[in-house]
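The values are calculated or read from the model by the stated rules, or taken from the named source; none is laboratory data. Only a predicted model underlies this, so the values are computations on that prediction, with no experimental measurement involved. Cβ placement follows ideal geometry from the backbone for every residue including glycine, while neighbour counts extend to all protein chains displayed.
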Amino acid sequence: MTSNSVTFSLNGVDRTVDVPGAETLLDTLRDRLNLRGSKEGCLEGECGACTVLVDDRPIDACIYPTAACGGRRVRTVEGLSDGGVPSLLQRAMVRSGSIQCGFCTPGFVVAVTALLERESNPSRADIADAVNGNICRCTGYAQIIEAVQAVVADSLAAGTGQEVEA
Amino acid sequence: MSVTIGGTMDRTDGVAKVTGKAQYGVDHVEAGMAHAAVVRSPVPAGRLVGVDVGAARRMPEVVGVVTAADQPDSYGGWVLQDQRILASDQVRYEGEPIAIVVAETRAAAIAAAAAVRVEIEEWEAVTMAKAVAGEGHVIHPDWQSYVPTFGVDHPRWGNCACEVRAEPDGVDEAFARAAHVVEDTFTANRQYQAYLEPKAATASYADGRYILHTATQYPFNVRERVAQLMGVRLSDVRVVGKTIGGGFGAKLDGWVEPLAALAARVTGRTVQVRLSRAEDILTCPMRENATMTIRTALDDEGRMIGRQFTCEMDNGAYSGEMPWLASLPLTVIGAVYKLHGPMRAVCRLWYTNTPPTGAFRGVNGVYLYMAQEQHMDHIADTLGVDRREYRLRHLFEDGDASRTGQVLEQAGILRQAFDRLEERAPWQEILDNLGPNQGVGIAAAVWMTNPLPGEVTIKMSEDGTASLVTAANDNGSGAVSMGLTQIVASTLGLSEGDVRASMPDTDISGYDGGSQGSRTTAIVGTAALEASTKVREQLLATAAGLLEAHVDDIELVDGQARVKGSPSATVPLGQVAAAATFTGGAVTATSSYATPPVPFDAGCATGALFTTMCTPTYHVHLAVVEVDDVTGNVDVVRYVVVQDAGKVISPVGARGQVQGGIAQGIGYSLYESQRIGDDARLVERSLESYRLPLAVDIPDVEVVFLENPDPQTGLGAKGIGEAPIVLSAAAISTAVRHATGRTFNAIPITPEDVMFALQEAEEVR
Amino acid sequence: MQSPVRFHSATTFEEVVDALDELGSEARLIAGGTDVMIQLARGELSPQVLLHIERVPGLGTVAAGEGGLHLGALVTHAMVRSDPATCALAALADAARQVGGWQTQAIGTVVGNIVNASPAADLTPGLLVHDAMVHLSRRGSERTLPLDQFVKGRRETAREPQELVTGITIAPTPEHSGEAFVKVGRRKAMEVSIVAVATRLVVDPSTGTIADARVAVGAVSPIPHRAPASEQLLIGQRPTADLFAAAGRAALEGADPIDDVRASRRYRLAVLPRAVAQALSRSSDHVDAARSVA
Ligand SMILES: Cc1cc2nc3c(=O)[nH]c(=O)nc-3n(C[C@H](O)[C@H](O)[C@H](O)COP(=O)(O)OP(=O)(O)OC[C@H]3O[C@@H](n4cnc5c(N)ncnc54)[C@H](O)[C@@H]3O)c2cc1C
């Protein structure tokens, strides 16, 4: 009776898992579903390396229960590229030096995707604020923020305004 | 499009990392893999009376429990062999491994580890203050029997793990005739490397060999540590690298790998050890805490004519690489600015009941330069001279020597750096425009490029792409995924996608000195340039035959060999490589390189293991800070770096090294307190209380690179990655001193320190 | 670690109150879970059932009504910082903006923040300044309590185990008022408040004197509380820097902070008066700004 059968949409595909009541979404993704792009950095919501989208909201999967995801839409870093072809944001991050060791990168990709889905023209301060919950120990952040600014500038120039290709 | 040195390229591991596909140490999976949880000492010091594993063995899914009784009777250590894998009769720090529980799942292993009963007769713990005062028990009663790994022992006794002494003549005389004497005392906290990927390793044992998959910075060092501790030959251990989720020095030595190897040997299973963040913090070989006293004699012209320097450093419970670092003060203090007289120095490393300390980017340079530069400000203020002006008057020039007798041939770059800084950020203009509660600091340094050897093999595939095989690894800096790739691609006329770098494997590649001390691009890059040049020659020779032209007239561009000046006479590189392969055998070449030893004065000190800065680089930093008079918080509002890079191979990567290094330096200077209580326990134990700087806390660093190529190599590159952090505490602490008119002798400078200083100043008023 | 706790994700209000009625303190309500999940992992909680309410309809809105502005139990910090009605209330919006990072704000709820009853709960001071009322429901009955009677101590509230908090109402904001929230932490974000201050001033435009003053402080005692000594000192006076400094010092009355890993008691006591003075000065600026717009 302590396990829950939960069905949710994971990167567009319905998945059903049987999980103990308090199992975190991160453990379910990594250990049951073998999606290891989301990273375990701290287990207490401090670093953001495990950020995923649940119904388009960025959450720390390391402190969110899988059992709360029933019927909801979960997107992970693996679902933000098109079959491995990087999104505009991901491409900009590769180009601009946003990535060093890369362990925090999936969390940043997800958090920034959430920002760009919400705001078409975020300022530098908006971008820095949106990644407050994400720690990067390598880059000192500047080149991450510049990648986001580049994507915003490109998409505004292209007149698409709204969204980042996902 | 071919890649060029100094041009931009997309790092070759970028897409894997940005799409979540890169395989880190924690992501490694093998068939039949079991999971380990480590039972750790709950107290910093005591006698291990008993370990009861009975209940744990009976827990569900448990494969086995490993205790000290199962480990070989051998010791290991990078410099001094003072450690074993599991504590046996004594525990020496909180978190020290006592037993390993192996189970089918990580959760089961953790649950069973909690059921292991450990009985310890707790002792009063030895902190550094106690060790220095000669109080407390001797942490290693058998210290005399410990074997130095490289054959040469150094002065040490009881709780003193290493003593370095320089006692030149004339110091007392210099102080006796001094017009002024300036003295300062400083302390520095530990700093946690806080890479985002907690340590992990997976080990198996079969056919008499250990195979480890681990995200290590230094595979050959891990191989050595596992071999020492398991009592086997080096070649009985194979280490295969994984993508590294950051290391910054803490993943140079074997810490989790020996645990995994022992557990694999005892249980017969493939075993993965993965630390939680809490365990990682508790056991990480952090940058050591230290105290320093610096005292300088000045003559009536304000010249420094003599100095005394003492430095006490916390070794923690085991030595790691620390005995080397104990002599680094000799290469820092008294360099950069001319000291026209002798320097007496005593540097000691103390065993304490705290986690072993170790390397963190910039090692002790960060606090040594902080001390030297704050002291320079103090001297300038004492003399009533502008701080920048005083530095310029006494700056090293070409050929000046550090205290170990190393002649710094290119030290004149320092003045070049000050000049470039002045163009970028004119000193007087900054002083005139400072806002309320703002201050500016300036600092200069010489730093090094680690000289250890590296090897590269280039193999051409018959399709015209190149494999870059090396045990050098990319710690994230891009040294392999950009730097080496760029060197090889530009030599062979390839695009970045056509050069494939291997992951490190000690069975496959020649010795590599690890990702440390900014060495990879400079050292392994030199080997890569040589190896790819040899391959290029083979390709040119074959292409000359195919194109019926003279070798000298052929160039390799855009994946093709072509006759210079006649663009239609081309042949794809694949065709050249295939022709060469099937006529003369595989097209491949291997080169290795190590920096030649640097001459120094062997009589400069006793106990000095680390005496020179190989391939020195020169640096000047400027920081502007603003102090919040409500909270005492300090904000870095501007930061400028002028750095000698030799030659910039990858501009995007080079800038990232500086920006990231300064961010860590800002953390060290202002945010990252890692205190040790009087009970020898760490005070900050999670990422909530150990504050890593966030995007909102870090300014965009302004970077100016100076290119003075290394005359020793064809490549000309010098180390870039480590140095940026070295001056940050120096620049920031002098800026805070300027903003507040108060000296802050402890790093990090906390809001509390600043607030209490502000309060004191108000009371005086 | 595997926890034997059962998870029940409710989809109706009735389901929640019925389950609470049956299970009482064996059930632990979970909204965004940003407090609950960490406390579970640390072994600080051991409920039989996690009763999940994020999918219960009707609890997630900010609505203006008779008694003031109503925030449903599922209103998150992200909503407070973006909803126009709450955005106008700086003591709340600026607090919500500084709770953790985006990942916390996206799902962390205001009600969860007050029910968790941390001494450092960032929304509580602002809600105290706004005379917030807490609405509780159980099967068959409802009640409403002022917030200062709801929070009883560190991690302690007046809530009965069978009760669900359905929302909070904050009183209408008087005219000619200005408010502010000041959070003291070492970094610019992701900090558990070392000191938190919310203030609101109402200035009589005809006399230029302070007609009403509210000062609430957090993280300096087991319960965030109003600072009556500061408030009394302010009322009837003209807003000046000296007055605000004096009001700041008066806030020390009733402050009894702890020493912990984040900050020392001495530091908290040093910063509190300054933070209160800063919040008051910002509040006063906001009154002026509102007047110049009007
Ligand atoms: C990384 C991180 C950073 C944080 N930073 C801050 C910060 O800066 N400032 C701050 O104040 N807090 C902070 N928090 C704490 C937390 O996010 C807030 O307290 C949050 O508002 C709690 O809301 P929740 O919905 O997640 O609560 P939950 O965890 O779901 O619940 C919290 C408590 O409230 C009870 N509860 C929830 N809803 C109801 C209801 N409707 N009726 C009755 N009881 C209920 C639960 O049973 C539980 O006891 C942080 C947390 C994390 C993980």
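Where in the range B:384-487 are there strands (runs of 3 or more DSSP E), lying wholly inside it, with at least 2 residues that are crowded, with 17+ Cβ neighbours inside 10 Å and small (G, A, S)? Walk me through how you get there before you give the answer.
On the way: elements: B:438-447, B:454-460, B:466-469.
Fully inside the range B:384-487 and qualifying: B:438-447.
Please give the number of the condition C:V99 fails out of (1) touching a residue at least 60 places away in the same chain (Cβ under 8 Å); (2) within 12 Å of the ligand (Cβ to nearest atom); (3) under 23 Å from C:G185 (Cβ atoms).
Only one criterion is unmet by C:V99, namely (1).
Given the criterion crowded, with 24+ Cβ neighbours inside 10 Å, over 26 Å from A:D14 (Cβ atoms) and in contact (Cβ under 8 Å) with a residue 40 or more places away in the chain, identify the matching residue among A:G102, A:G45. Step through it out loud before you land on a result.
Working: A:G102 fails: in contact (Cβ under 8 Å) with a residue 40 or more places away in the chain.
Exactly one residue qualifies, and that residue is A:G45.
Identify all residues within the range A:57-78 that are surrounded by fewer than 24 Cβ atoms within 10 Å (Cβ to Cβ), at the interface with another protein chain (Cβ under 9 Å from one of its Cβ atoms) and within 14 Å of A:N11 (Cβ to Cβ); write none if there are none.
Correct list: A:R72, A:E78.
Could you tell me which residue of the range B:1-57 is farthest from A:R75 (Cα to Cα), considering only residues that are assigned to a helix (DSSP H, G or I) and either within 14 Å of another protein chain (Cβ to nearest Cβ) or in contact with an Asp or Glu (Cβ under 6 Å, 6 or more places away or on another chain) (or both)?
The first filter runs over the range B:1-57 and keeps only residues assigned to a helix (DSSP H, G or I), leaving B:14-18, B:25-27, B:54-57.
From what's left, either within 14 Å of another protein chain (Cβ to nearest Cβ) or in contact with an Asp or Glu (Cβ under 6 Å, 6 or more places away or on another chain) (or both): B:14-18, B:25-27.
Values: B:G14: 21, B:V15: 18, B:A16: 18, B:K17: 17, B:V18: 15, B:G25: 24, B:V26: 21, B:D27: 19 Å.
The residue in question is B:G25.
Return yes when C:V111 is surrounded by 24 or more Cβ atoms within 10 Å (Cβ to Cβ) and more than 14 Å from chain A (Cβ to nearest Cβ) and no when it is not.
On the way: surrounded by 24 or more Cβ atoms within 10 Å (Cβ to Cβ): yes; more than 14 Å from chain A (Cβ to nearest Cβ): yes.
It is true that C:V111 is surrounded by 24 or more Cβ atoms within 10 Å (Cβ to Cβ) and more than 14 Å from chain A (Cβ to nearest Cβ).
Given the conditions (1) part of a strand (DSSP E or B); (2) within 14 Å of chain C (Cβ to nearest Cβ), which single one is not true for B:G64?
With respect to (1) part of a strand (DSSP E or B); (2) within 14 Å of chain C (Cβ to nearest Cβ), B:G64 is out only on (2).
Taking the conditions exactly as written (within 28 Å of B:R655 (Cβ to Cβ) and within 16 Å of the ligand (Cβ to nearest atom)), does A:G37 satisfy them or not?
Working: within 28 Å of B:R655 (Cβ to Cβ): yes; within 16 Å of the ligand (Cβ to nearest atom): no.
Answer is no for this residue.
Filtering the range C:27-65 down to residues that are more than 20 Å from C:A106 (Cβ to Cβ) and in contact with a His (Cβ under 6 Å, 6 or more places away or on another chain), which residue is nearest to the ligand (Cβ to nearest atom)?
Residue satisfying both the conditions and the ranking: C:L51.
Based on what the data block shows, is C:A91 in contact with a Lys or Arg (Cβ under 8 Å, 6 or more places away or on another chain), on the phi < 0 side of the Ramachandran plot, more than 11 Å from the ligand (Cβ to nearest atom) and small (G, A, S)?
Details: in contact with a Lys or Arg (Cβ under 8 Å, 6 or more places away or on another chain): yes; on the phi < 0 side of the Ramachandran plot: yes; more than 11 Å from the ligand (Cβ to nearest atom): yes; small (G, A, S): yes.
Considered against the rule, which asks whether it is in contact with a Lys or Arg (Cβ under 8 Å, 6 or more places away or on another chain), on the phi < 0 side of the Ramachandran plot, more than 11 Å from the ligand (Cβ to nearest atom) and small (G, A, S), C:A91 comes out as yes.
Are there strands (runs of 3 or more DSSP E) fully within the range B:522-600 with at least 1 residues that are within 30 Å of B:G405 (Cα to Cα)? List them.
Numbers: elements: B:554-557, B:560-563, B:566-572, B:588-593.
The strands (runs of 3 or more DSSP E) meeting that bar are B:588-593.
Can you name the residue in the range A:28-43 that is among the aliphatic types (A, V, I, L, M) and assigned to a loop (DSSP other than H, G, I, E, B) and, of all such residues, is nearest to the other protein chains (Cβ to nearest Cβ)? Steps first, answer last, please.
From the range A:28-43, those among the aliphatic types (A, V, I, L, M) are A:29, A:33, A:35, A:43; that's our starting set.
Right, trim to assigned to a loop (DSSP other than H, G, I, E, B) and you get A:33, A:35, A:43.
Details: A:L33: 13, A:L35: 8, A:L43: 6 Å.
Ranking the candidates gives A:L43 first.
Quick check on the range A:44-52. Is at least one of its residues under 16 Å from the mean Cα position of the chain (by Cα) and either over 25 Å from B:L694 (Cα atoms) or more than 16 Å from the ligand (Cβ to nearest atom) (or both)? Give the derivation first.
Within the range A:44-52, the first condition is being under 16 Å from the mean Cα position of the chain (by Cα), and the residues that meet it are A:45-52.
Keeping just the survivors that are either over 25 Å from B:L694 (Cα atoms) or more than 16 Å from the ligand (Cβ to nearest atom) (or both) gives none.
Looking through the range A:44-52, none of the residues is under 16 Å from the mean Cα position of the chain (by Cα) and either over 25 Å from B:L694 (Cα atoms) or more than 16 Å from the ligand (Cβ to nearest atom) (or both).
Any idea how many residues of the range C:108-144 are within 28 Å of C:E15 (Cβ to Cβ) and within 6 Å of the ligand (Cβ to nearest atom)?
8
Just the residues that are crowded, with 24+ Cβ neighbours inside 10 Å and either more than 20 Å from B:W78 (Cα to Cα) or at pLDDT below 95 (or both), please, taken from the range B:344-366.
Within the range B:344-366, B:A345, B:G365, B:V366 qualify.
When the range C:88-108 is examined, which residues are found to be part of a helix (DSSP H, G or I) and within 12 Å of another protein chain (Cβ to nearest Cβ)?
Narrowing the range C:88-108 to residues part of a helix (DSSP H, G or I): C:90-97, C:102-107.
Answer for the range C:88-108, where residues must be part of a helix (DSSP H, G or I) and within 12 Å of another protein chain (Cβ to nearest Cβ): C:R97, C:W102, C:Q103, C:T104, C:Q105, C:A106, C:I107.
For residues in the range C:47-87 being in a strand (DSSP E or B) and surrounded by fewer than 16 Cβ atoms within 10 Å (Cβ to Cβ), which is farthest from the other protein chains (Cβ to nearest Cβ)? Working first, answer last.
As a first pass, look at the range C:47-87 and keep what is in a strand (DSSP E or B): C:49-52, C:62-65, C:68-72, C:76.
With surrounded by fewer than 16 Cβ atoms within 10 Å (Cβ to Cβ) added as a condition, the list becomes C:63-65.
Details: C:A63: 21, C:A64: 24, C:G65: 27 Å.
Applying the filter and picking the extreme gives C:G65.
Would you pick out the residues in the range B:17-37 that are within 18 Å of A:V94 (Cβ to Cβ), buried (at least 24 other Cβ atoms within 10 Å of the Cβ) and either over 29 Å from the mean Cα position of the chain (by Cα) or without any contact (Cβ under 8 Å) to a residue 60 or more places away in the chain (or both)?
Matches in the range B:17-37: B:V18, B:T19, B:G20.
Output the residue which, of all residues in the range B:205-215 that are in contact with a helix residue (DSSP H, G or I) (Cβ under 8 Å, 6 or more places away or on another chain) and without any contact (Cβ under 8 Å) to a residue 60 or more places away in the chain, is nearest to B:W255 (Cα to Cα). Quick ask: steps written out before the conclusion?
To start, the set of residues in the range B:205-215 that are in contact with a helix residue (DSSP H, G or I) (Cβ under 8 Å, 6 or more places away or on another chain) comprises B:205, B:208-210, B:212-215.
Then drop every residue that is not without any contact (Cβ under 8 Å) to a residue 60 or more places away in the chain, which leaves B:208-210, B:212.
Working: B:G208: 22, B:R209: 19, B:Y210: 16, B:L212: 13 Å.
Here the residue is B:L212.
What's the total number of residues in the range C:186-212 that are more than 13 Å from the ligand (Cβ to nearest atom) and in contact (Cβ under 8 Å) with a residue 60 or more places away in the chain? Write out each step before concluding.
First, the residues of the range C:186-212 that are more than 13 Å from the ligand (Cβ to nearest atom): C:197, C:199-212.
Still in the running and in contact (Cβ under 8 Å) with a residue 60 or more places away in the chain: C:197, C:199-203, C:205.
Number of matching residues: 7.
Answer yes if at least one residue in the range B:191-205 is among the charged types (D, E, K, R) and either under 30 Å from B:G302 (Cα atoms) or surrounded by 22 or more Cβ atoms within 10 Å (Cβ to Cβ) (or both), and no otherwise.
Residues of the range B:191-205 among the charged types (D, E, K, R): B:197, B:199.
Those left that are additionally either under 30 Å from B:G302 (Cα atoms) or surrounded by 22 or more Cβ atoms within 10 Å (Cβ to Cβ) (or both): B:197, B:199.
Yes, the range B:191-205 contains a residue that is among the charged types (D, E, K, R) and either under 30 Å from B:G302 (Cα atoms) or surrounded by 22 or more Cβ atoms within 10 Å (Cβ to Cβ) (or both).
For the range B:407-425, name all the residues that are over 30 Å from B:P599 (Cα atoms) and basic (K, R).
B:R420, B:R424
Right, B:G316: closer than 30 Å to B:A37 by Cβ, of a type outside the set (A, V, I, L, M, F, W, C) and either outside the structural domain of B:A663 (by TED's automatic domain parsing) or touching a Pro at 6+ places or on another chain (Cβ under 7 Å) (or both) or not? First the steps, then the outcome.
Values: closer than 30 Å to B:A37 by Cβ: yes; of a type outside the set (A, V, I, L, M, F, W, C): yes; either outside the structural domain of B:A663 (by TED's automatic domain parsing) or touching a Pro at 6+ places or on another chain (Cβ under 7 Å) (or both): yes.
Answer is yes for this residue.
List the pairs whose first member sits in the range B:182-197 and is within 14 Å of chain A (Cβ to nearest Cβ), whose second member is assigned to a strand (DSSP E or B) and surrounded by 24 or more Cβ atoms within 10 Å (Cβ to Cβ), and whose Cβ atoms are under 6 Å apart, counting only residues at least 6 apart or on separate chains?
B:Q191/B:R287
Give the residue that is nearest to the other protein chains (Cβ to nearest Cβ), with candidates limited to residues of the range C:145-183 that are within 11 Å of the ligand (Cβ to nearest atom), farther than 30 Å from B:N633 by Cβ and assigned to a loop (DSSP other than H, G, I, E, B).
Across the range C:145-183, the extreme among qualifying residues is C:P161.
If you take the residues of the range C:255-268 that are buried (at least 16 other Cβ atoms within 10 Å of the Cβ) and within 17 Å of C:A216 (Cα to Cα), which of them is nearest to the other protein chains (Cβ to nearest Cβ)?
This residue is C:R268.
Each row is one residue, and each column tells you yes or no for (1) part of a helix (DSSP H, G or I); (2) within 16 Å of the ligand (Cβ to nearest atom); (3) away from chain A (no Cβ under 14 Å); (4) over 20 Å from the mean Cα position of the chain (by Cα).
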position	(1), (2), (3), (4)
B:L622	no, no, yes, yes
B:V630	no, no, yes, yes
B:K647	no, no, yes, yes
B:G656	yes, no, no, no
B:Y668	yes, no, no, no
B:V703	no, no, no, yes
